[in-house]
Amino acid sequence: MIKNDLFLRALKGESVERPPVWMMRQAGRYLPDFMKLKEKYDFFTRCRTPELATEITVMPIKQVGTDAAILFSDILVIPQAMNIEVEMKPGVGPWLPHPIRTQEDVDRVIVPDIDETLGYVMEAIKMTKMELNDEVPLIGFAGSPWTILCYAVQGQGSKNFDIAKKFCFSNPVAAHQLLQKITDTTIAYLKAKVAAGVDAVQVFDSWGGMLSPTDYDEFSWKYIQQIIDALRDEIPVIAFGKGCWFALHTMARSGAAAIGVDWTCSPKNARYLTGGQITLQGNFDPSRLYSPPAEIKKMVHQMIDEFGKDRYIANLGHGILPDIPVENAIAFVEAVKEYK
């Protein structure tokens, strides 16, 4: 039994003494010890070495005190496994030297054997579970099929993913084939994570907000729904779409255990749009962690007041930024723990 099960109880909708708290991207770049490892090992070496992934995953539990761990990895290990080359370029971020642009490119993409291609992730999960020693739950994650397509087609990060959208709208048959291959791979990947021991999974739709509500239903949500349907009976699933407030009503009826909310949607509106009967997660603006610790604590308490302590997981509205002072991240976590 997990000693601190606040997070899992909140996912079930149980009444809790205070909300659980964790932070997206908590295992990473704002921690000095992480930066030391970054100087020694390149990005995908850290992802592919179970010992390093474990060390990084556990860091924020020991140093910041969150109520859940999230496995250190990256959403782009999925396209790598699918025969799509992905590099992490310093100063650029994700870089795909051979982006998907044609039907022939889509035909070359494979639905891989997960154990062969991503077995290192499962080893990291088993190792991390041993290291955590049932202190807190472990979250596994994947990117949404649309978000993976954005990188696979665009070839790198983008402000508007115009090339990815052009591909979908001018060649929808190939786009849907690619999205289905990514979905099938993601389902197999997350099921393997469940078998390896994670306690919950989160689907990150980082670029869902790039689409209109109609296009979101067609090119993103229906694939996320497939993932939820495949996993919901085995494990709690959290769905998070950045900029996707317009889909909150649909998300709430999906069978997901919780819905992530970004900072552009107020707690009141998020509760209204989701019908008030589902656990919500979020939605502190990551940039607000630049505020003084006393101000952070005041704002966090206000956020919890607005969401309510039950059916709620305190988190950021997106990933923590790299230059946030560690003491400010700690202030965020402490504010939730001190909530009365």
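The values are calculated or read from the model by the stated rules, or taken from the named source; none is laboratory data. Every value quoted in this text rests on a predicted model; they were computed, and no experiment measured them. Note that we place each Cβ from the backbone using ideal geometry, even for glycine, and neighbour counts take in every protein chain shown. Side chains included, ligands, DNA and RNA excluded: accessible areas come from the protein's heavy atoms. Shrake-Rupley method; radii C 1.70, N 1.55, O 1.52, S 1.80 Å.
What to note about this one:
- Pairs with C-alpha atoms separated by more than 18 Å, drawn from the list 62/89; 62/337; 268/309; 62/297; 129/309; 242/297, are 62/89; 62/297; 129/309; 242/297.
- Residue 123 accessible area, 1.4 Å probe, all protein chains in place, Å² to nearest 10: 90 Å²
- Area projected by the alpha carbon convex hull of segment 84-140, averaged over all directions, nm²: 6.1 nm²
- All-pairs alpha carbon distance profile, segment 69-186, 10 Å steps from 0, percent: 13, 41, 29, 13, 3, 0
- Scattering curve values for segment 250-335, log₁₀ I(q)/I(0), Debye with Cα scatterers, q = 0.12, 0.17, 0.27 Å⁻¹: -0.35, -0.66, -1.35
- Amide N of segment 299-340 lying under 17 Å from the label point, which is placed 7 angstrom from the Cα of residue 63 along Cα→Cβ: 320-334
- Highest average packing first - 301-312, 85-96, 234-245, 191-202, Cβ atoms within 10 Å: 234-245, 191-202, 301-312, 85-96
- The antiparallel fraction among DSSP beta bridges confined to the chain stands at about 15%.
- Hydrodynamic analysis of segment 27-93 uses the Kirkwood radius over alpha carbon pairs. Inserted into Stokes-Einstein at 4 °C and 1.567 mPa s, it gives a translational diffusion coefficient of 101 µm²/s.
- Proximal aspartates and glutamates relative to residue 36, as straight alpha-carbon distance under 20 Å, when same-chain residues fewer than 8 apart are discounted: 51, 55, 74, 323, 327
- 15 Å Cα-Cα reach of residue 181 towards aspartates and glutamates, excluding residues that sit fewer than 8 places from it in its own chain: 104, 105, 107, 113
- Total charge dipole magnitude, segment 85-192, about the Cα centre, Cβ charges on Lys, Arg, Asp, Glu only, Debye to nearest 20: 520 debye
- If R0 is taken as 22 Å, the Cβ-Cβ distance between residue 120 and residue 214 corresponds to a FRET efficiency of 0.05.
- When +1 charges are put on Lys and Arg Cβ atoms and -1 charges on Asp and Glu Cβ atoms, the dipole computed for the chain relative to its Cα centre reaches about 640 debye.
- Computed from point charges on the beta carbon alone (+1 for Lys and Arg, -1 for Asp and Glu), the dipole magnitude for segment 191-340 about its Cα centre is near 300 Debye.
- Approximating the spin labels as points 7 Å out from Cα along Cα→Cβ, the residue 269-to-residue 222 distance works out to 2.8 nm.
- Between 294, 68, 329, the GNM of the chain built on Cα springs shorter than 10 angstrom shows 294 fluctuating the most.
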